[in-house]
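Mind having a look at this structure? Questions to follow.
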Amino acid sequence: MGEGEEIHVAEDERVNISLKDLSKKLEDFAKARDWEKYHSPRNLLLAMVGEVGELSEIFQWRGEVDKGLPNWEESDKEHLGEELSDVLLYLIRLADICGIDLGDAASKKIVKNAIKYPPKPKLSF
């Protein structure tokens with residue numbers, strides 16, 4: 001999850017990998033490096049916040065950007081993808097260490113939000 005670190009996945013897995021699969025890969029990655037002792041909820045949260053800062057830097061002086069980033073260089077988009085991935089991977093690892101099923105929690109949150117913020121009724125004339 002640091003610079004130069006990779007978790008190798010097969011090409012077809014990149015498109016269809018689940019949160020549970022990513023969680024397992026992250027667990028294996030940490031175990032192989034004996035990093036589990038450092039993966040406390042606090043440490044993972046602070047690491048994720050650091051990555052959010054790096055993500056924020058990408059947008060810091062660009063002003064508003066168009067959806068799809070049509071005016072961005074491919075290298076900038078690749079960098080953005082890397083920083084988004086760092087945030088996602090720390091979030092998944094944090095949820096796993098805290099015993100939270102992130103997919104289930106997110107699904108439940110979407111349902112709660114749908115109830116809390118119902119769609120506006122469409123006016124018909």
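The values are calculated or read from the model by the stated rules, or taken from the named source; none is laboratory data. Computed from a predicted structure; not experimentally measured. Here the Cβ is made from the backbone with ideal geometry for all residues, glycine too, and neighbour counts use every protein chain on show. Just so you know, the surface numbers come from the protein's heavy atoms only, side chains and all, with ligands and any DNA or RNA stripped out. Shrake-Rupley method; radii C 1.70, N 1.55, O 1.52, S 1.80 Å.
Does any residue of the stretch 114-124 turn out to be open to solvent by 50 Å² or more (accessible area, probe 1.4 Å) and among the β-branched types (V, I, T)?
Within the stretch 114-124, one or more residues are open to solvent by 50 Å² or more (accessible area, probe 1.4 Å) and among the β-branched types (V, I, T).
Go through the stretch 68-97 and report how many residues are more than 16 Å from the chain's Cα centre (by Cα) and in contact (Cβ under 8 Å) with a residue 12 or more places away in the chain.
Here is the first cut: in the stretch 68-97, the residues more than 16 Å from the chain's Cα centre (by Cα) are 68-76.
Filter once more, keeping what is in contact (Cβ under 8 Å) with a residue 12 or more places away in the chain: 76.
Within the stretch 68-97, residues that are more than 16 Å from the chain's Cα centre (by Cα) and in contact (Cβ under 8 Å) with a residue 12 or more places away in the chain number 1.
Could you tell me whether the stretch 82-104 includes any residue that is out of contact with any His (no Cβ under 7 Å at 6 or more places or on another chain) and loosely packed, with under 10 Cβ neighbours inside 10 Å?
yes
From (1) in a helix (DSSP H, G or I); (2) without any contact (Cβ under 8 Å) to a residue 40 or more places away in the chain, pick out the condition that doesn't hold for V65.
(1)
Among the numbered criteria (1) open to solvent by less than 80 Å² (accessible area, probe 1.4 Å); (2) touching a helix residue (DSSP H, G or I) at 6+ places or on another chain (Cβ under 6 Å), which one does E36 miss?
(1)
Among the residues of the stretch 39-81, how many are surrounded by 13 or more Cβ atoms within 10 Å (Cβ to Cβ) and farther than 28 Å from G103 by Cβ?
Number satisfying all stated conditions: 2.
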